[in-house]
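The values are calculated or read from the model by the stated rules, or taken from the named source; none is laboratory data. Just so we're clear, the structure is a prediction, and the values are computed from it rather than from any experiment. Quick reminder, even Gly has a Cβ in these numbers, built from the backbone with ideal geometry, and neighbours come from all protein chains shown. Remember, those area values only see protein heavy atoms, side chains included, never the ligands or the DNA or RNA. Shrake-Rupley method; radii C 1.70, N 1.55, O 1.52, S 1.80 Å.
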Amino acid sequence: MLTDYHVHLRPDEDGTTAARYFTAANAERYREVAAERGIEELGVAEHVHRFTAALDVWQHPFWRREARDDLDDYVTFVREETDLRLGIEADFVPGREDRMAALLEQHEWDYVVGSVHFLGDFAVDWDDEEIDIWRRESSPERVWKRYFDAVRASALSGLYDIIGHPDLVKIWGSGRPMPDTDLRRYYEPAVEAMLDAGVAMEVSTAGLRKPVAEIYPARAMLEMAVDAKLPIALSSDAHLPTQIGSGYEQAVELLRDCGVREICVFERRVRRLEPLG
Ligand SMILES: [Zn+2]
Ligand SMILES: [Zn+2]
């Protein structure tokens, strides 16, 4: 079994619209590439900030700019016009857990992917003067500590089934300074929290397409997760049909090498394991 659950039907670029990308024909393009690449389980997890309902959770200026779509329409579209699993990528916004829970409870998802992109008002993965955390924090240790504290809290929040791109903070590779320490000190509390919370950890090939050019998470974090017997969910974070299953040969090799034999399959927020590959 191969899965691709963390998938976006709509690219992130400005000016894209639901009317153009949330269509049966577009979903079919994703399905065709998935079939070619042997991916049986395919689902979508659109960014929560695309939906007007997200503004009840958080009023970040970026969300205010991006929130255009109707959440009910997205859910109805995926359920009625596609055969894709229904998910959502929902940011972890500390202090707004109840509001996010209220949003998520409105629909019957197959899974919810939890992501940390923001630390306070600033983002770890956005090279923009206004928003980049790296231009504000005093040291890489501070950024990494804050990032993994948030990942840990996201796992323990009980909001999510999958913790997405679990070491996203490394996205810039050598483009940003690295903490001068054994990185396992950051991974460990996050992996422990995922274990305690009973959530799955995502292995995402998206990192291969980013400056870091490495799968999320780093091998050392994956090994730690395997030791802890954390369930693993495999996704590409595709934003285009051609990105479905991208880098999976490398991902499957890494997973096998680290001793992962099974991956997660989700239906209506119930998880089961299927043999990898
Ligand atoms: Zn993300
Ligand atoms: Zn994503």
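A compact table of results
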| quantity | calculated |
| --- | --- |
| Relative compactness, region 128-174, computed as alpha-carbon Rg over 2.2 N^0.38 Å | 1.28 |
| Dipole of the chain, positive direction: furthest Cα of Leu42, Thr205, Ala228, with charges on the beta-carbon | Ala228 |
| Computed accessible area, Thr181, all protein chains, 1.4 angstrom probe, square angstrom | 50 |
| Directionally averaged shadow of the chain, computed from the convex hull of its alpha-carbon atoms, nm² | 13.0 |
| Per-bin percent of Cα-Cα distances, region 200-245 [5 Å] | 5, 22, 27, 23, 14, 7, 2 |
| Separation between Cα centres of region 99-154 and region 227-277, rounded to whole Å | 22 |
| Relative intensity, log₁₀ I(q)/I(0), of region 236-277 from a Debye sum that treats every alpha carbon as a point, q = 0.17, 0.29, 0.30 Å⁻¹ | -0.59, -0.97, -0.97 |
| Computed E for Arg184/Arg96 - FRET, C-beta separation, R0 30 angstrom, nearest 0.05 | 0.50 |
| Region 91-171, relative contact order in percent, only Cα pairs under 8 angstrom and at least six apart counted | 39 |
| Cα-based Rg and Dmax for region 1-40, where Dmax is the largest Cα-Cα distance (Å) | 11.5, 36 |
| Cα-centre dipole for region 212-271 with unit charges at Cβ (Lys and Arg positive, Asp and Glu negative), debye to 20 | 320 |
| The chain, helix-only ellipticity at 222 nm - DSSP H runs n ≥ 4, -39,500 (n - 2.57), divided by all residues, nearest 500 | -10000 deg cm²/dmol |
| 20 °C / 1.002 mPa s Stokes-Einstein diffusion coefficient of region 86-194, Kirkwood radius on C-alpha pairs, µm²/s | 147 |
| Most to least packed among 216-227, 126-137 [average Cβ atoms within 10 Å] | 216-227, 126-137 |
| Hz values of 3J(HN,Hα) by residue in region 260-277 - Karplus curve (6.51, -1.76, 1.60), Gly and Pro given as x | 7, 10, 9, 10, 7, 10, 10, 8, 6, 6, 9, 9, 9, 10, 10, x, 6, x |
| Stokes-Einstein D (µm²/s) once Rh is taken as the Kirkwood radius of region 152-273 over alpha-carbon pairs, at 37 °C in 0.692 mPa s | 223 |
| P(r), alpha carbons of region 1-155 - 5 Å bins starting at zero, rounded % | 2, 8, 17, 20, 19, 15, 11, 6, 2, 0 |
| Accessible solvent surface per residue of region 174-277, calculated while the other protein chains remain in place, 1.4 angstrom probe, Å² | 47 |
| Relative contact order for the chain, counting Cα pairs under 8 Å that sit 6 or more residues apart, in percent | 21 |
